[in-house]
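Undergrad: Mind looking over this structure? Questions follow.
Where a number appears in this text, it was derived from the coordinates with a stated rule and is not lab data. For clarity, every value in this text was computed on a predicted model and none was experimentally measured. Note: ideal-geometry Cβ built from the backbone for every residue, glycine included; neighbour counts use all protein chains shown.
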């Protein structure tokens with residue numbers, strides 16, 4: 001099959017969250033099992049893009065909202081394992097950040113339209129168009145009902161929902177940003193009196209999947225206003241658990257680590273990395289180390305982190321390290337704790353790929369108190385590196401982490417609350433002292449196979465259901 005993935009992010013080109021990691025792996029593994037999968041994404045002025053070489057393969061003058069934008073598609077030379085195409089729209093996509101601009105609606109609409117104008121030129125060669133989250137949510141609608149893309153109307157589309165909290169909705173007053181379409185179909189764009197790209201994609205795509213089975217079940221009851229729609233469309237919905245790229249995330253070969261290690265050499269390897277990390281952040285390598293990696297936002301339970309850190313450090317002889325950025329108030333609280341718990345706690349406000357790998361290879365436990373976690377990849381990286389995940393039973397965390405008390409390898413709690421997380425940290429502290437059991441658990445964690453091979457085949461099976 002000839003598959004085109006359309007996404008706002010792709011690792012290592014531009015990454016904000018787990019969406020990028022999926023797009024950096026899924027097409028690669030689909031190609032390995034005999035298909036041709038490519039990625040189309042916006043051109044951003046990231047460091048990776050500016051260092052890359054490519055050639056322009058398509059020019060277009062996009063007319064949108066009575067304004068003309070010069071645009072082009074660049075095929076990028078790369079060793080990612082799949083063809084990569086960047087959509088550059090002057091004045092809109094060619095910026096440093098992926099998200100966070102007032103005109104994001106225009107930016108991603110322009111991206112989608114230019115991508116479809118290009119696909120329109122060779123539509124007979126396309127088998128599947130796979131859209132990811134609301135940033136490409138209008139693609140299924142425009143392929144079916146917009147006049148400029150009439151040759152694409154019979155090509156099956158798939159929507160993957162990575163996070164339903166973000167839907168990209170906007171006022172009907174902006175309906176002039178669409179190309180010409182059948183106005184009888186305008187209702188497909190509407191949800192709760194706004195134009196909603198995620199809702200439109202759910203209505204128009206041939207199949208809809210979430211990135212874990214449990215998250216699909218949860219969205220039937222709580223989906224930021226889309227619950228009724230997802231229940232109505234449940235016949236075409238499925239949950240496919242994400243995998244991880246076991247080449248990028250491999251403690252045996254990871255170039256970010258101070259010392260590489262395997263299951264058999266993990267004790268020495270992890271200790272060497274822990275010493276290096278603790279030296280860098282003025283912590284003691286002799287104490288159990290708890291880490292948090294992620295966006296400092298409500299969905300991740302990060303608003304509770306300052307209180308969790310304070311109570312835990314008062315109760316237990318442990319160290320804690322935080323790596324992340326997000327809400328400025330949370331960032332400030334975490335920074336302020338440094339002086340109070342100097343030598344026992346530290347934080348790096350921001351994101352650094354090297355540090356994230358080093359934390360997985362050094363920390364004894366990883367904190368994931370997420371209120372919302374469609375799949376979660378951090379816990380999968382954690383397991384692969386021999387770091388025990390401490391998780392809230394929700395979404396993909398529920399599907400991938402089983403409590404040690406139930407025969408699994410992690411520590412789980414049922415609520416995102418300070419009490420539940422601190423109680424779980426206490427359980428972890430005791431578990432750490434059971435040296436032989438703790439070491440055996442490390443080996444068992446590292447043996448779990450969460451690679452993309454199985455997930456890639458599940459997606460192909462989904463494509464085959466709709467491809468004729």
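Undergrad: Sort 360, 432 so the one with the fewest other Cβ atoms within 10 Å of its own Cβ comes first. Walk me through the intermediate numbers first.
TA: Numbers: 360 26, 432 19.
In increasing order of surrounding Cβ atoms, one gets 432, 360.
Undergrad: Using a Förster distance of 51 angstrom, determine the FRET efficiency expected from the C-beta separation of residue 423 and residue 48, and round it to 0.05.
TA: 0.75
Undergrad: To continue, here is another question. Percent of Cα-Cα pairs more than 19 Å apart in segment 275-333, please. Write out the running numbers ahead of the final one.
TA: Values: 580 of 1711 pairs.
The share of Cα pairs beyond 19 Å in segment 275-333 comes to 34 percent.
Undergrad: A further question follows. What value, in deg cm²/dmol to 500, does the helix sum -39500 (n - 2.57) over DSSP H runs of n ≥ 4 give at 222 nm once divided by the residues of the chain? Mind showing how you got there, number by number?
TA: On the way: 17 runs with 170 residues, N = 468.
The helix-only estimate for the chain comes to -10500 deg cm²/dmol at 222 nm.
Undergrad: On to the next question. Rounded, prolate or oblate: which fits segment 266-449, taking a ≥ b ≥ c as square roots of the Cα gyration tensor eigenvalues, rounded meaning a/c under 1.5, else prolate when a/b beats b/c? Let's see the in-between values first.
TA: Working: a/c = 1.41, a/b = 1.13, b/c = 1.25.
Verdict is rounded for segment 266-449.
Undergrad: So for segment 1-67, Kirkwood radius off the Cα pairs, Stokes-Einstein at 10 °C and 1.306 mPa s: how many µm² s⁻¹?
TA: It diffuses with D of about 117 µm²/s by this estimate.
Undergrad: Helix 452-466: angle to the longest alpha-carbon principal axis of the chain, degrees 0 to 90, nearest 10?
TA: Orientation of helix 452-466: about 30 degrees from the principal axis.
Undergrad: So what is log10(I(q)/I(0)) for segment 383-468 at q = 0.15 1/Å, when the Debye sum runs over its Cα atoms only?
TA: After summing over all Cα pairs, the log10 values are -0.64.
Undergrad: Could you work out how far helix 418-433 tilts from the main Cα principal axis of the chain, as a 0 to 90 degree angle to the nearest 10?
TA: 50 degrees
Undergrad: Say a paramagnetic label sat at a point 7 Å from the Cα of residue 32, along Cα to Cβ; which residues of segment 342-359 have their backbone N under 13 Å from it?
TA: In segment 342-359, the label zone of residue 32 (backbone N under 13 Å from the point 7 Å along Cα→Cβ) covers no residue.
Undergrad: Now for a different question. Against the longest principal axis of the chain, how steep is helix 266-280, in degrees 0 to 90 to the nearest 10, with axes from Cα atoms?
TA: Roughly 90 degrees, rounded to the nearest 10.
Undergrad: Based on the mean of other Cβ atoms within 10 Å per residue, sort peptides 72-85, 31-44 so the most packed one is first. Provide the component values of the computation, followed by the final result.
TA: Numbers: 72-85: 17.0, 31-44: 20.1.
Most protected by this proxy first, the peptides run 31-44, 72-85.
Undergrad: For the chain, compute Rg over Rh where Rg is the Cα radius of gyration and Rh is the Kirkwood radius from the inverse mean 1/r over Cα pairs. Can you show the working numbers first?
TA: Values: Rg = 22.8 Å, Rh = 23.2 Å.
With Rg and the Kirkwood Rh in hand, the quotient comes to 0.98.
Undergrad: Give me the one-decimal nm value for the distance between modelled label points at residue 259 and residue 220, 7 Å along each residue's Cα-to-Cβ direction.
TA: The two pseudo-label positions are separated by 5.0 nm.
Undergrad: Here is a further query. Using a simple spin-label model with points 7 Å from Cα along the Cα→Cβ vector, what separation in nm is obtained for residue 329 and residue 466?
TA: 4.0 nm
Undergrad: Separation between the residue 192 and residue 175 pseudo-spin-labels, each 7 Å from Cα along Cα→Cβ, expressed in nm?
TA: Between residue 192 and residue 175, the label points sit 2.0 nm apart.
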